[in-house]
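Let me begin by presenting the structure, written as structure tokens, before commenting on it.
The values are calculated or read from the model by the stated rules, or taken from the named source; none is laboratory data. Quick caveat: nothing in here was measured; it's all calculated off a predicted structure. Here the Cβ positions follow ideal geometry from the backbone for every residue, glycine too, while neighbour counts run over all protein chains shown. Areas reflect the complete protein model, heavy atoms only, side chains present, ligands, DNA and RNA absent. Shrake-Rupley method; radii C 1.70, N 1.55, O 1.52, S 1.80 Å.
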Amino acid sequence: MANVNAAFGLIPTRHLSGNGYSRANVYTITSGLAENIFTGDVVIITADGVLTPHSATEVNNIGVFAGVSYTATDGSYVYSQYWPTGTVATNIKAYVYDDPYTVFKAQSAGTTAQTNIGNCCDLVAGAGSTTTGQSGFELSGTMAAGTATAKILSLYESPDNAFGLYAIMEVLINEHLLKDSAGI
């Protein structure tokens, strides 16, 4: 059975220590930020101390976005799977899986093989869904030794997943702000 091309961002699967996986912690987003942030998107902390989506070469990654709550301009409380671009709000609480040793599953944009285990790759930011709030991030199909955003740990165990095109892999965020340096 062929793997399906359906990117979904990064989803926590476990903690590297074997003790389940970590909880999301609270950060904030600048009111009016003109970018969508979807559940499963890797996020960074800007110089202002707020979240914004990861782009191709960032190394100050703080973790993976897991939703947001805020008070809308009409005074209503909102919980959303994603941050809608341009939202003006107060009391913004963005939830992020920020433990640098949380293991995530993510789809590869290219072809994978057993020889990719231990290699690194960058991320490709695909279009997220404003209907479901789910990310469109996926792993770059270019996996090699060296330093990049994600460290490939293993093939995600699932009966409908196999090495090859669009495989789902388990990864760590390699270039993580809370790590001493890139790598495990």
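Only one residue of Gly18, Gly133, Thr30 has its Cα farthest out toward the positive end of the dipole of the chain, where Lys and Arg carry +1 and Asp and Glu -1 on Cβ, and that residue is Gly18.
Calculate, in nm to one decimal, what Arg23 and Ala2 gain on full extension: separation in residues at 0.36 nm each, minus their alpha carbon distance.
On the way: separation 21, 0.36 × 21 = 7.56 nm, distance 3.31 nm.
My answer for the length gained is 4.3 nm.
Partner lysines whose Cα lies under 18 Å from the Cα of Lys179, excluding those fewer than 8 positions away in the same chain, are identified as Lys151.
Judged by the gyration tensor of its Cα atoms, with axes a ≥ b ≥ c, segment 109-166 is oblate; a/c meets the 1.5 cut and b/c is at least as large as a/b.
Note on Lys105: aspartates and glutamates with a C-alpha under 18 Å away, same-chain residues under 8 apart excluded, are Asp41, Asp122, Glu138, Glu157, Asp160, Glu170, Glu175. Overall, the chain carries a charge dipole of about 240 debye about its Cα centre when +1 sits on the Cβ of Lys and Arg and -1 on the Cβ of Asp and Glu, all other atoms neutral.
Could you please put Met143, Met169 in sequence from largest to smallest accessible area, using a 1.4 Å probe?
Details: Met143 25, Met169 0 Å².
Ranking Met143, Met169 by accessible area, largest first, yields Met143, Met169.
Largest first, the residues Leu16, Leu10, Leu33 sort by 1.4 Å accessible area into Leu16, Leu33, Leu10. Sorting Lys179, Lys93 by accessible area puts them as Lys93, Lys179; the probe is 1.4 Å, largest comes first, and only protein heavy atoms count.
Computed with a 1.4 Å probe on the full set of protein chains, the accessible area for Phe163 sits at about 70 Å². Where a ≥ b ≥ c are the square roots of the eigenvalues of the C-alpha gyration tensor, would you call segment 11-95 rounded, which needs a/c under 1.5, or, failing that, prolate if a/b is larger than b/c, or oblate? Oblate is the answer for segment 11-95, as a/c is 1.5 or above yet b/c matches or exceeds a/b.
Find how much the distance from Val78 to Ala127 grows on full extension, using 0.36 nm per residue of separation minus their present alpha carbon separation; answer in nm with one decimal. Additional length available on full extension: 15.4 nm.
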